Structures are given as C-alpha cells and as structure tokens.
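Notes to accompany the following structure.
Since every read-out is calculated from the coordinates, none of them should be taken as a lab result. Just so it is clear, the model here is predicted, and its values are computed rather than measured. Every residue, glycine among them, receives a Cβ derived from its backbone with ideal geometry; neighbour counts consider all protein chains shown.
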Amino acid sequence: MTETLTEMLIIFIKIVCALVWFLLLTLYLTWLERKESAVIQDRIGANRAQIFGIRIIGLFQPFADALKMIFKEDFVPSFSRKFLHTIAPFISFFFVAITIAAIPFGDILRIGKRTINLQILDFNVGLLFILAMLSLGIYGIIISGWASNNRYTLTGGLRGAAQVISYEVALGLSLIGLIMVYPSLRLSSIVLYQGELLFGFLPKWGIFLQPLGFVIFLFAALAETKRVPFDLPEGESEIIGFFTEYSGLKWGLFMMTDFMEIIIISTLLTTLFFGGWQVPWLASDGFHFPWGGEVLLPHLVVVLFQVAAFNIKVFFFCWLQILIRWTYPRFRYDQVMDLGWKLLVPLSLVNIIGTGIIMTI
Amino acid sequence: MIKALGYFIEIIRGSVITTRHFVVNMFFHILKVLGIKTKRKGAVTIQYPEQKKDIASRHRSLHRLMTREDGKPRCVACMLCATVCPSECIYVEAAEDPDPEIQKYPAKFIIDLGRCCFCGFCVEACPEDAIRMDTGNVEFAQYSQQDLIYDLDKLIG
C-alpha cells in the first residue's frame with residue numbers, strides 16, 4: 001500500500017517538476033525573444049520591469065506581461081460561436097503541454113534502493129505520441145479560425161491547417177531514417193543508443209548518422225511552430241491570422257503555445273539528433289575518454305551532468321530558433337508549399353532509401 | 001537545383017550576419033557587466049530618462065522672453081511674431097510704456113504650446129531679439145492643455 005502511494009507521489013512530483021520547468025521556460029522564452037532580438041539589432045530590449053526598484057536586466061518582464069494579459073478584457077465577439085471560441089485556445093495549449101510527458105530529461109536516478117526514471121512516462125511509442133499530439137494541436141487553429149466567424153480568421157485557420165498538415169508529412173518521413181538506425185520508438189532507448197561510440201571516438205548521435213534527416217526535420221519543425229519564416233497562419237503584421245478575434249489571456253494561450261512548441265521542438269531535436277541527456281564519453285560511473293584516461297564520478301554528479309547537458313542543448317536550440325525567427329523574412333504561401341512538397345518530402349524519401357542502402361551494405 | 005543552392009548559401013550568410021551581431025554585442029555586454037570599460041558599446045540605445053543626448057546648439061526648444069537690465073521684457077509689442085506665426089499660437093496685448101524711447105510694452109504675452117509647431121519664425125521675425133528658443137528644455141509635456149498655455153511670467157522666468 002505504501003509502495004503504491006510512494007510511486008504515485010513520485011509520479012506526481014515528476015509531473016509537477018516537468019510542467020514547472022516547461023512553463024517557466026516558456027515564460028522566459030518570451031523574455032529571451034525580446035532580449036535576443038534586441039542584441040541582434042544592437043538594442044537593449046525590455047529592461048524596465050521592476051519589483052521594489054530591483055530590475056535584473058528585465059527578468060521580471062514575463063510576469064508583468066502575464067499580469068497585464070490576465071487583467072485585459074476577455075473580449076468575445078457577439079457574432080462568434082461562443083463555446084468553440086472559448087475552447088479553441090485550450091485545445092491548442094493542452095495538446096502541446098501534454099507532449100512533455102514523453103520527453104526523457106535524464107537517465108535513471110537512484111536514491112537508496114529506489115530507481116526513478118527521469119521521464120514522466122516511458123512510452124514504447126513515445127515518438128509517435130509526441131508527433132500525434134503536435135498534429136492534434138492543429139484543431140485549436142482550425143476551431144479558432146472557424147469559431148471566430150470572421151472570413152479572415154477562417155482563411156488564416158485554413159492556411160495554418162494546410163501548412164501544418166503538409167509539413168507533418170515531411171516531419172514524419174524525416175524521422176523514419178532515424179527510427180531505422182535506432183530501431184525503437186521509445187525515446188529513452190533512442191537516447192541510450194546514442195551513448196554508443198562510432199569508430200571508437202565519435203558519439204553515435206543522430207546528427208552524425210542522419211545529417212540529411214536532421215536538416216529536413218529542422219525545416220519541417222520550424223514550419224510546425226508557425227513562427228516567422230513560416231508564419232502564414234498568424235501573419236501578425238499584414239495578413240490577418242486565425243487569432244484575430246482573441247484578446248487577453250486566450251490570446252496569450254495561443255502565444256504561449258507557439259513558445260511551447262519551440263521548446264518541444266528543441267527537446268525533440270536534442271533527444272533525437274543530439275544525444276538527449278548524453279554527455280560525450282560519460283558513462284554511468286564517470287568519463288571514459290577514447291584516448292585513454294578515466295574520471296570516475298559519483299552517481300548524483302553524473303545525473304546532474306546529464307540533466308544539465310539536456311538543458312544546455314535545449315537552450316541552444318531555443319536560442320537558434322529565435323535567431324532564425326529574427327533573421328529571415330516570411331515565405332510566400334506558394335513558396336511554403338513548394339518547399340514542403342517539392343523539396344522536403346522528396347529529400348526525406350531519398351534519405352530513407354539512402355539509409356536503407358547503407359544499412360544493408 | 002543550382003539556383004536553390006544559391007538561395008541556401010544566401011540563407012546561411014544571413015544567419016551568419018545576425019549571429020555575428022549577437023556574439024559581438026553579447027561580448028561587449030558581458031565586458032560591461034564585468035566592469036571593463038570599452039570604447040564600443042554593446043548597444044546604441046540611449047536609456048532616455050537616465051541618459052540624455054546632448055541637444056544641438058541650434059535646436060529649437062522651449063521659448064523664453066529676454067529682459068532689459070531693469071528686468072522688464074525686451075519686447076516692444078510690435079506684433080511681428082504674432083503675425084508671422086503659422087500656427088497662430090502667440091497672443092500679444094500691447095500697453096503704453098511711460099518711456100518715450102520704448103513706447104509700448106506687452107501687457108499680455110501668451111504662447112499656446114499646444115498649438116506651437118516650433119518653426120522658430122517668431123525668433124527670426126523679432127526686431128528686438130526679445131524671444132529666443134534656446135532654453136534647451138524639451139520636457140514640458142503636461143496632462144492638460146490648459147497647462148501648456150504659457151504667459152509672461154512663465155516665459156520670462
């Protein structure tokens with residue numbers, strides 16, 4: 001009885017920790033986006049938010065933004081379909097937030113006799129689960145476009161649906177080569193495979209085994225996040241997007257969904273192509289360098305290293321995606337479709353065939 | 001395909017430019033945090049209320065009325081400024097001065113800064129050099145239009 005209770009408690013703590021990590025990172029990505037764009041453009045960025053006169057380079061800005069959004073009027077147009085209009089942002093938000101369950105944050109943590117898997121749920125279809133949930137998020141877009149009962153939002157929602165569905169194909173196909181190399185859909189075992197060494201020195205990361213798959217996945221994933229080079233569904237500056245009729249916290253949920261998608265894409269890139277929580281040459285008892293030499297470390301330090309490595313890699317990819325967002329102008333709609341169907345899908349097919357040929361040889 | 005490759009190279013070059021800006025600016029920001037003074041700054045921003053940019057010597061800022069040695073306004077109420085003013089924001093009411101050399105002095109001299117467009121024509125028109133726009137004060141925003149109407153006391157003081 002106590003055993004089940006402890007298990008439940010551990011799961012509960014894991015869920016809380018993962019969600020807090022996810023949401024805090026989301027909040028601070030909004031800050032990072034403003035700061036990073038400012039640094040790229042030789043500016044300083046938001047640094048005025050303060051509590052009791054303390055303003056550490058604007059670190060309180062996300063909370064000020066959140067407060068502002070909570071107290072804004074939650075406007076629902078009289079001509080909208082009220083129920084669907086209310087539920088759409090929650091659908092978008094929910095399906096992204098739930099994907100964090102399958103992400104492995106680290107290896108097994110041993111406290112006393114108990115072993116804790118640093119992953120909320122170790123699915124054997126973890127990868128499929130994440131892809132499926134990301135695709136279901138499109139319902140939020142379509143419903144919001146439809147329920148606003150406004151022609152512009154409807155076309156925005158349709159653009160979003162067309163874009164996300166076409167890039168879903170390339171996204172899925174680009175990962176097939178990877179699944180062939182690491183024969184598993186379980187994310188934790190994919191990461192474990194990446195701990196092995198290639199030619200005796202190179203860590204067996206996805207980027208070294210599937211470079212083409214990585215490039216395709218990166219482009220398709222950028223399109224999935226619906227941010228600037230591919231922001232046709234939203235089009236915040238000129239073309240009117242699917243959440244035009246939203247304000248206040250509901251609009252904020254759509255905004256947060258975008259940032260959460262960035263994080264999920266970053267964690268996916270990390271887990272699939274950059275070894276997840278693997279640190280090069282770090283085994284469960286310490287470093288074993290290929291040129292000889294060992295540094296033995298206690299178990300807790302190793303786990304700490306792994307979680308820190310995972311976080312650093314995720315931060316790097318968040319940074320990279322924001323850099324991409326602030327570098328490139330938007331694609332034209334037909335260019336987006338061309339890139340998806342005429343370049344990425346054939347390339348990913350080539351990748352699958354190439355991987356198959358190399359594996360049989 | 002070759003054309004697409006050309007695009008791809010340009011895309012990479014674009015991201016190299018933004019990355020370079022990011023790295024260089026971050027380097028100078030970190031130097032500043034560490035307390036090392038450098039000539040170049042990480043950002044071109046002037047943080048306005050705390051830091052101010054020097055106003056150019058010819059900048060047209062808030063008006064002031066010049067006074068004679070005895071403290072009376074130098075203005076002789078000739079109405080040239082009120083006539084030339086394109087936004088009609090100057091109102092002058094003349095009164096007779098006991099000194100026959102001067103003849104007239106302004107009983108009222110009102111500038112409605114809410115209407116003023118800071119063209120500086122009044123300064124150019126003035127034969128007595130009685131009105132100038134060289135106070136260097138550019139921060140006179142108010143909450144009501146009434147507070148923007150400046151009379152003789154405010155303009156001299």
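Here are some notes:
- Filtered residue count, segment B:29-87, keeping only those that are β-branched (Val, Ile, Thr), part of a loop (DSSP other than H, G, I, E, B) and away from chain A (no Cβ under 14 Å): 4
- Candidates B:Arg13, B:Arg20: the one that is surrounded by 11 or more Cβ atoms within 10 Å (Cβ to Cβ) and more than 30 Å from B:Pro127 (Cβ to Cβ) is B:Arg20.
- Count of residues meeting criterion [over 30 Å from A:Arg151 (Cβ atoms), of a type in the set (Val, Ile, Thr) and part of a helix (DSSP H, G or I)] in segment A:45-100: 4
- Pairs, first more than 11 Å from A:Glu234 (Cα to Cα) in segment A:141-166, second polar (S, T, N, Q), C-beta under 6 Å, six or more apart: A:Ala147/A:Ser80; A:Ser148/A:Ser80; A:Asn149/A:Ser80
- Tally of residues being without any contact (Cβ under 8 Å) to a residue 12 or more places away in the chain and not in a loop (DSSP other than H, G, I, E, B) across segment B:94-122: 1
- Neighbours by Cβ (under 7 Å, 6+ apart or cross-chain): first from segment B:10-28, more than 7 Å from every other protein chain (Cβ to nearest Cβ); second surrounded by 14 or more Cβ atoms within 10 Å (Cβ to Cβ) and not aromatic (Phe, Trp, Tyr): B:Phe28/B:Lys41; B:Phe28/B:Gly42
- Residue ID - farthest from the other protein chains (Cβ to nearest Cβ), chosen from residues in segment A:56-80 that are among the charged types (D, E, K, R) and loosely packed, with under 15 Cβ neighbours inside 10 Å: A:Asp74
- Selection status of A:Leu9, farther than 22 Å from A:Ala102 by Cα, out of contact with any Phe, Trp or Tyr (no Cβ under 9 Å at 6 or more places or on another chain) and in a helix (DSSP H, G or I): no
- Inter-residue pairs, beta-carbon under 7 Å, first free of Cβ contacts under 8 Å to residues at least 60 places away in the same chain and in segment A:173-187, second assigned to a loop (DSSP other than H, G, I, E, B), 6+ apart: A:Ile179/A:Leu185
- Matching residues, segment A:19-36, being buried (at least 18 other Cβ atoms within 10 Å of the Cβ) and either hydroxyl-bearing (Ser, Thr, Tyr) or more than 14 Å from every other protein chain (Cβ to nearest Cβ) (or both): A:Phe22, A:Leu25, A:Thr26, A:Leu29, A:Thr30, A:Trp31
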